[in-house]
Number of protein chains: 2
Amino acid sequence: MPKKNSKIIFKRITLIGIGLIGSSIARRVKRDGLANHISVSARSQNSLDRAVELGFADTVTLDQEDSVKNADLVIICSPIGAYSDIIQNIRLGLKPGAIISDVGSVKQAVIRDLSPHIPEGVHLVPAHPVAGTEHSGPDAGFPELFEDRFCIITPTKQTNKKSINQVTQFWQSLGSKVEIMEPNHHDLVMAMTSHLPHLIAYTIVGTATDLEKTLANEVIKFSAGGFRDFTRIAASDPTMWRDVFLNNRDAVLEMLQRFSEDITALQRAIRWGEGDTLHELFSRTREARRGVIEAKQEKMYD
Amino acid sequence: MPKKNSKIIFKRITLIGIGLIGSSIARRVKRDGLANHISVSARSQNSLDRAVELGFADTVTLDQEDSVKNADLVIICSPIGAYSDIIQNIRLGLKPGAIISDVGSVKQAVIRDLSPHIPEGVHLVPAHPVAGTEHSGPDAGFPELFEDRFCIITPTKQTNKKSINQVTQFWQSLGSKVEIMEPNHHDLVMAMTSHLPHLIAYTIVGTATDLEKTLANEVIKFSAGGFRDFTRIAASDPTMWRDVFLNNRDAVLEMLQRFSEDITALQRAIRWGEGDTLHELFSRTREARRGVIEAKQEKMYD
């Protein structure tokens with residue numbers, strides 16, 4: 001049994017889902033002794049076996065309700081589309097005073113799906129660690145994933161201050177910088193910084209692979225010119241991302257519409273040889289890069 | 001004076017333009033003793049001064065005609081839009097038997113602009129090293145830039161075999177893997193692998209910075225979710241890229257049209273909640289990533 005640790009905010013933590021994010025949380029908690037017990041639940045026995053082999057789970061079970069018993073903190077780390085089922089499965093197992101949180105990339109939909117089913121005395125604290133790689137599964141995680149990355153907490157109207165503080169401290173202990181944000185604002189910001197870039201990357205990689213075979217093979221071969229970066233983003237987990245787009249529809253469609261208008265304007269500039277229009281935009285976008293570097297968001301995750 | 005070197009294919013090399021690519025060539029040639037003399041010409045005295053300070057130029061001059069005198073190999077390393085003026089400036093200075101090459105990202109337009117002005121006895125060997133970073137200027141170069149990267153040579157109907165072989169050997173000595181390709185095919189492949197990705201990256205970074213100020217600032221702050229990668233691409237040299245789009249118009253518009261159709265289809269799938277359509281595409285694009293990794297194009301340049 002681990003020794004008592006002043007860093008321990010939650011004695012027993014349950015992770016539902018043990019992919020890239022879940023297993024990174026587990027590895028960090030284990031490495032730094034941030035809990036006395038980690039219980040893991042997942043949909044497949046394979047994932048559970050792997051969690052045991054990798055040594056970051058104290059107990060594992062396919063039974064979600066069983067997994068949350070006595071947990072002080074439950075973190076849902078599954079694709080967003082599974083949340084409705086999960087909360088139905090676990091609600092009767094949650095102990096009074098437990099905190100339920102998550103790591104989903106969309107927050108309004110998560111609150112919509114979870115909050116009606118939260119039992120009296122249980123606290124919902126939705127969270128989103130803005131971190132990831134293109135890899136998925138229990139083997140893909142690593143304890144440093146959240147280091148110096150933002151974790152955005154989007155409290156509901158019911159969330160109390162104490163729970164927010166505890167979840168904040170927990171994510172800080174994982175290395176994150178915590179921000180508090182309104183759920184709808186979160187979804188709008190993420191639609192632009194994350195969801196639209198992923199949609200575009202998936203699209204262009206799809207467009208390229210639809211080319212006649214010889215050409216498509218050459219696109220892969222000569223991908224160093226820029227395309228390569230898109231293939232990395234477009235290798236992200238399909239189920240997770242399907243659920244993101246289905247659950248942040250309005251914000252994504254809004255940002256996509258703006259993007260489409262802008263690229264149509266550039267298309268016209270290219271067609272009519274309007275070099276100044278192109279040069280003006282290309283100069284302006286350089287500034288954004290400086291902003292990213294100054295905001296210290298340039299520590300790559302791979 | 002450098003000692004005789006069996007690796008020397010061209011005794012005297014002239015570089016016209018000394019930005020990222022030109023200065024990377026110069027650094028590599030200097031480091032490995034691949035020529036006896038490097039002459040550098042550029043449009044600004046500042047760049048020339050910097051080339052001298054950085055130690056990779058033997059002689060520098062603002063006079064392009066003067067710079068090519070006695071050169072065995074002249075490489076134009078300027079934005080494509082400047083080629084017409086450059087060839088007019090240097091043609092009378094070229095010695096018989098000299099090879100003139102370049103590093104431009106578009107090849108049909110380069111051949112269109114250069115070949116009518118190539119003097120009798122001078123050999124045009126257009127080339128395109130598929131390598132780069134988002135940085136520009138003489139300080140941005142480094143000798144390993146071309147290591148294990150492709151360099152595509154697109155001979156014209158007039159180019160003789162000996163010249164092709166010499167330029168091939170030269171790029172191999174810089175660390176490149178050389179491919180021979182038809183100019184029009186090169187332009188089509190690059191439209192997809194490089195030009196369209198850059199256009200998209202420039203566009204989305206522009207779209208983001210056009211958002212109301214608070215939101216735009218937050219996009220920068222939380223850029224880790226995917227947007228960050230686009231800002232890197234969109235920080236590339238504006239003049240170089242303006243000239244690429246103006247000079248590879250048809251191929252870029254063709255690929256952009258395909259992309260637009262595909263993203264419109266995804267937009268519709270999101271609007272109508274067609275999760276299967278999304279999931280099918282997102283699974284398929286993962287394969288492309290495996291292709292890139294197998295093609296060993298995943299050695300990042302930064």
Notebook entry, point to check: Could you say which residue among B:197, B:138, B:155, B:126 is surrounded by fewer than 23 Cβ atoms within 10 Å (Cβ to Cβ), in contact with a helix residue (DSSP H, G or I) (Cβ under 8 Å, 6 or more places away or on another chain) and not β-branched (Val, Ile, Thr)?
Noted result: B:155
Check: Which one of these does residue B:98 not meet: (1) buried (at least 21 other Cβ atoms within 10 Å of the Cβ); (2) in contact (Cβ under 8 Å) with a residue 40 or more places away in the chain?
Finding: (2)
Next item on the list: State whether the residues of the stretch B:201-210 include one that is in a helix (DSSP H, G or I), of a type in the set (D, E, K, R) and not assigned by TED's automatic domain parsing to the domain that holds residue B:150.
Entry: no
Next item on the list: Evaluate the stretch B:48-69: report whether one residue or more is touching a Gly at 6+ places or on another chain (Cβ under 9 Å), within 20 Å of residue B:241 (Cα to Cα) and surrounded by fewer than 23 Cβ atoms within 10 Å (Cβ to Cβ).
Entry: no
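Using the structure shown, decide if residue B:33 is more than 22 Å from the chain's Cα centre (by Cα), of a type in the set (Gly, Ala, Ser) and under 15 Å from residue B:174 (Cα atoms).
yes
For the stretch A:145-154, enumerate the residues that are assigned to a strand (DSSP E or B) and closer than 19 Å to residue A:73 by Cβ.
Once the filter is applied, which keeps residues that are assigned to a strand (DSSP E or B) and closer than 19 Å to residue A:73 by Cβ, the stretch A:145-154 yields A:151, A:152, A:153.
Let's see how each residue does on (1) in the same structural domain as residue B:135 (by TED's automatic domain parsing); (2) in contact (Cβ under 8 Å) with a residue 12 or more places away in the chain:
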{"position": "B:176", "(1), (2)": "yes, yes"}
{"position": "B:231", "(1), (2)": "no, yes"}
{"position": "B:245", "(1), (2)": "no, yes"}
{"position": "B:257", "(1), (2)": "no, no"}
Item checked: Hits in the stretch A:1-28 - residues which are surrounded by 24 or more Cβ atoms within 10 Å (Cβ to Cβ) and either at pLDDT below 95 or in a helix (DSSP H, G or I) (or both) -> A:20, A:21, A:22, A:23, A:24, A:25, A:26
Check: Within the group B:154, B:133, which residue is in the same structural domain as residue B:118 (by TED's automatic domain parsing), out of contact with any strand residue (DSSP E or B) (no Cβ under 6 Å at 6 or more places or on another chain), under 29 Å from residue A:193 (Cβ atoms) and in contact (Cβ under 8 Å) with a residue 40 or more places away in the chain?
Finding: B:133
Check: Can you pull out the residues in the stretch B:158-182 that are surrounded by fewer than 20 Cβ atoms within 10 Å (Cβ to Cβ) and touching a helix residue (DSSP H, G or I) at 6+ places or on another chain (Cβ under 6 Å)?
Finding: B:178
Check: Could we say that residue B:287 is more than 7 Å from chain A (Cβ to nearest Cβ) and at pLDDT below 90 here?
Finding: yes
Note to self: If I ask for residues that are farther than 15 Å from residue B:244 by Cβ and either more than 10 Å from the chain's Cα centre (by Cα) or modelled with pLDDT under 95 (or both), which ones from the stretch B:112-130 would you list?
What the structure shows: B:114, B:115, B:116, B:117, B:118, B:119, B:120, B:121, B:122, B:123, B:124, B:125
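The values are calculated or read from the model by the stated rules, or taken from the named source; none is laboratory data. Owing to the predicted nature of the structure, the values given are computational and were not obtained by experimental measurement. Glycine gets a Cβ as well: all are built from the backbone with ideal geometry, and neighbour counts include every protein chain shown.
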